[in-house]
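Written below as structure tokens is the structure these notes are about.
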Amino acid sequence: MQNKSIQNAVLTALIIIVVSVAVFVGARAQVRERQEKKTVMTSTIAFASTRHNPAGKLLFDTQIYLMNGDGTNVRRITDNKYADNFPSLSPDGRKILFESSRLRTEKEPLNTSHLFLMNADGTEQTLLTRGSSATWSPDGKKIAFHASASGTGHPTKPYPGAATIDNDIFTLNVNDVLKKTAKPKNITNSPEAIDEDPDWSPDGKKILFTSHLVADDKLDSATAEIYVMNTNGKGKRVRLTNNSEEERAPAWSPDGKRIVYACRKGGADFEICVMNADGTGQVQLTDNTLGDLTSSWSPDGKKIIFHRTMGQGTGRFQLWLINSDGTGEVQITDTPGLNGFPNWGELRAPSKAR
């Protein structure tokens, strides 16, 4: 009888311990959840720059930088001897996608690039795949990008992020590729066209991209138009622009109702244009003789950032802001060297300066 009483006492004590641990773990989980909800996201612009080496070249010396949405708190994130370009902040503000020439072989063009993933403070830089011009899905699980369909095609233009002669749009699941359990999927498969510049819609259902004929002029592609397709590549692709002028680099507004893009309106240089998501209401926002490119919306959709070539043939860029209605144009960077390829998003926590 005494032994049974002892056993019952031990069992009761174990039950109390298990229940206590469960309550403790549950409480900790609730605390973490409340902390996550209270996390403040900071408006942040990621961009490429040679300000650390003002004489540096576009295809050799660009590195990734971050700054607050008002242009303050500039900090360098990558630090190497290669060209890092086209950063893209993840939707949760924890990661940054970027492309780099660090895996280019000596026989390949200088702007041959691979996509890498890193933490928002620049740590844990990890290879994803060969390609350029990456965009996140809104849930942060996938990316879309453009790349050579054969895997061996060379860029057709002498610029970072340039498409190859057999360029298509691809998607991949980030975790699956990191675990090497899956490969990127070609979702356009267009041998007769060069598909590039994808951008994933805020609702996760569509991808914008640019397409032009393989035989088109590589430096002034008059057949380059903006299209939208389903994220799996199936179904009808809808053409949003239709003219004899080159359009490229489309980007959805945060609410998915508008699209900003680069357009050749009335001259050889690119301007910033916007249109409705169905292709209607096309409006030119900038008007000058310089190149305005790589535009990105602010998180609230009220402003657009882009880079402007400061003088024809100089190869020097600076970043500019403009209201989404075309008013209030202002220069936000003015440093030696170049500042370009901006992406406007939000960071979950301040990044460590380098």
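General observations
- Residue under evaluation GLY69, criteria (1) within 21 Å of TRP320 (Cβ to Cβ); (2) crowded, with 23+ Cβ neighbours inside 10 Å, criterion not met: (2)
- Options LEU97, LEU117, LEU103, LEU127; residue that is assigned to a strand (DSSP E or B), touching a strand residue (DSSP E or B) at 6+ places or on another chain (Cβ under 9 Å) and surrounded by fewer than 19 Cβ atoms within 10 Å (Cβ to Cβ): LEU127
- Out of ALA144, ALA163, sole residue that is hydrophobic (A, V, I, L, M, F, W, C), buried (at least 21 other Cβ atoms within 10 Å of the Cβ) and either over 14 Å from GLY233 (Cβ atoms) or over 16 Å from the mean Cα position of the chain (by Cα) (or both): ALA163
- Some residue of the range 150-162 being without any contact (Cβ under 8 Å) to a residue 12 or more places away in the chain, of a type outside the set (Asp, Glu) and farther than 29 Å from VAL74 by Cβ: yes
- Within the range 252-268, the residues that satisfy the criterion of being at pLDDT 95 or above and surrounded by fewer than 22 Cβ atoms within 10 Å (Cβ to Cβ) are SER253, PRO254, ASP255, GLY256, LYS257, ARG258.
- Matching option when the condition is modelled with pLDDT of 95 or more, surrounded by 14 or more Cβ atoms within 10 Å (Cβ to Cβ) and more than 25 Å from ILE143 (Cα to Cα), among THR50, THR44: THR50
- Candidates SER244, SER295 - the one that is among the small types (Gly, Ala, Ser), touching a residue at least 12 places away in the same chain (Cβ under 8 Å) and either surrounded by 17 or more Cβ atoms within 10 Å (Cβ to Cβ) or outside any loop (DSSP other than H, G, I, E, B) (or both): SER295
- Subset of the range 314-337 [at pLDDT 95 or above, assigned to a strand (DSSP E or B) and surrounded by 17 or more Cβ atoms within 10 Å (Cβ to Cβ)]: GLN318, LEU319, TRP320, LEU321, ILE322
The values are calculated or read from the model by the stated rules, or taken from the named source; none is laboratory data. Note that the structure is a prediction, hence the values are computed from the model and not measured. With ideal geometry, Cβ positions are generated from the backbone for all residues, glycine too; neighbour counts draw on all protein chains shown.
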